[in-house]
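Here it is: the structure, laid out below.
The values are calculated or read from the model by the stated rules, or taken from the named source; none is laboratory data. Quick caveat: nothing in here was measured; it's all calculated off a predicted structure. All Cβ positions, even for glycine, are placed from backbone atoms using ideal geometry, and neighbour counts span all protein chains on display. Only protein heavy atoms, including side chains, enter the accessible area calculation; ligands, DNA and RNA are left aside. Shrake-Rupley method; radii C 1.70, N 1.55, O 1.52, S 1.80 Å.
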Amino acid sequence: MSKFGTFSEYPPRSLVSAEAALLTAWRSLERYHDDLALVGGLAIYYLTRRDVADLPGAVTMDVDFGITLGISGGQYGTIRSDLAGLGFKAEENRLVRDFDGFALYLDFLTEAPPAQTGARMVDDVVASVVPGVNRALACSRSVTAQGRDLYGVEQRCTIRVADLGPLLVLKLNAFGGPTGRRHPKDAYDVLLAVTGFVDGPAAAIEAFRAEKSAGNTAIESALKALRTDFSEVGQDGPVRAAEFLGGDAARRDRVRQDMVTVGRMLLGA
């Protein structure tokens, strides 16, 4: 398992361990950097402040990469062989490495023509087909990640991270899109991403709304998820975000209300 139903279930070092996996993999995938962008929970971590009121911050045990369909390492090796040399092994459609008592997963997401779903081979790794990934690759920012890698070596890397507009589209679809999991953590990530965005909540709202004019292929399903799952306190988004955080009744009510406020702001209501 790489996702838990509540924040408190995540081990204290899970995010640090996921970051160590990122720092280890990113250096070895240098020739692919133009075709990779970090998405998922670690991207939320790098794009949000550490002092968000009443929210404990980002948490994850995965490293999720958006990747361009059709790239190849050619004569210089492959993604899987490069990562296998770092201890990452194929497990079904994912790459996994044990570290410090954790199973750390690397996942790849790509975008294919609209009629195609499921998964595609990219270089020699399996990548899930997810609408909106191309926009995440096209609209990104560079962030500095610093820490110890899986070998204990201090690293400082410039990481390409999907910017907040495309990232919110991906997260909303992960929760309530056509293949959405309705996972409490995805709802919480939407709340944290907007309220804790490093450029401020207003900039987060503006970035999301810009995705429609930018031609994001997944924006309409993201907007539908907002309407059906995040615009009323009794809908799945607010309820599951509150359950993910836990706490007393007053805190859960506050989280539900905050989630609805964010959902309606994203909709422009």
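Which condition does VAL161 not pass, out of (1) open to solvent by less than 20 Å² (accessible area, probe 1.4 Å); (2) assigned to a helix (DSSP H, G or I), if it passes all the others?
Single failed check for VAL161: (2).
Still on this structure: Give the residue, chosen from ALA193, ALA202, that is among the hydrophobic types (A, V, I, L, M, F, W, C), closer than 23 Å to TYR45 by Cα and free of Cβ contacts under 8 Å to residues at least 12 places away in the same chain.
Residue meeting the stated conditions: ALA202.
Only one of these conditions is not met by ALA145: (1) of a type in the set (Gly, Ala, Ser); (2) surrounded by fewer than 18 Cβ atoms within 10 Å (Cβ to Cβ); (3) not in a loop (DSSP other than H, G, I, E, B). Which number is it?
Evaluating ALA145 over (1) of a type in the set (Gly, Ala, Ser); (2) surrounded by fewer than 18 Cβ atoms within 10 Å (Cβ to Cβ); (3) not in a loop (DSSP other than H, G, I, E, B) leaves (2) as the failure.
Determine whether the range 74-90 contains at least one residue that is over 26 Å from ALA204 (Cβ atoms), part of a strand (DSSP E or B) and not charged (D, E, K, R).
Yes, because at least one residue in the range 74-90 is over 26 Å from ALA204 (Cβ atoms), part of a strand (DSSP E or B) and not charged (D, E, K, R).
Quick test of your reading of the structure: GLY196 fulfils all but one of (1) farther than 20 Å from LEU69 by Cβ; (2) open to solvent by less than 10 Å² (accessible area, probe 1.4 Å); (3) touching a helix residue (DSSP H, G or I) at 6+ places or on another chain (Cβ under 6 Å). Name the failing condition by number.
For GLY196, the failing item is (3).
Name every residue in the range 90-126 that is open to solvent by 40 Å² or more (accessible area, probe 1.4 Å) and hydrophobic (A, V, I, L, M, F, W, C), in order of residue number.
ALA90, PHE99, ALA115, ALA119, MET121
Are any residues in the range 8-40 touching a residue at least 60 places away in the same chain (Cβ under 8 Å), surrounded by fewer than 18 Cβ atoms within 10 Å (Cβ to Cβ) and over 17 Å from VAL143 (Cβ atoms), and if so, which ones?
Matches in the range 8-40: SER8, PRO11, ARG13.
Could we say that ALA58 is within 19 Å of the chain's Cα centre (by Cα) and of a type in the set (Gly, Ala, Ser) here?
yes
Among the residues of the range 42-70, count how many are assigned to a loop (DSSP other than H, G, I, E, B) and either open to solvent by 30 Å² or more (accessible area, probe 1.4 Å) or more than 11 Å from THR195 (Cα to Cα) (or both).
13
State which residue is most open to solvent (accessible area, probe 1.4 Å) when the search covers only the range 75-89 and only residues that are without any contact (Cβ under 8 Å) to a residue 12 or more places away in the chain and closer than 22 Å to GLY152 by Cα.
Looking only at the range 75-89, we keep the residues that are without any contact (Cβ under 8 Å) to a residue 12 or more places away in the chain, and these are 75, 77, 84, 89.
Still in the list and also closer than 22 Å to GLY152 by Cα: 84, 89.
Values: ALA84: 55, LYS89: 143 Å².
Result: LYS89.
A further question on this structure: Hey, can you tell me all the residues within the range 207-258 that are over 12 Å from PRO184 (Cα atoms), of a type in the set (A, V, I, L, M, F, W, C) and either part of a helix (DSSP H, G or I) or open to solvent by 80 Å² or more (accessible area, probe 1.4 Å) (or both)?
ALA207, PHE208, ALA210, ILE219, ALA222, LEU223, ALA225, LEU226, ALA249, ALA250, VAL255
Specify which of the listed residues (ALA193, ALA204) is in a helix (DSSP H, G or I) and in contact with a Phe, Trp or Tyr (Cβ under 7 Å, 6 or more places away or on another chain).
ALA204
ARG264 passes all but one of (1) charged (D, E, K, R); (2) more than 17 Å from VAL169 (Cα to Cα); (3) part of a helix (DSSP H, G or I); which number fails?
The one condition ARG264 does not meet is (2).
Taking the criterion of being open to solvent by less than 50 Å² (accessible area, probe 1.4 Å) and either more than 25 Å from VAL133 (Cα to Cα) or in contact with a Pro (Cβ under 6 Å, 6 or more places away or on another chain) (or both), would at least one residue in the range 171-193 satisfy it?
No, that holds for no residue.
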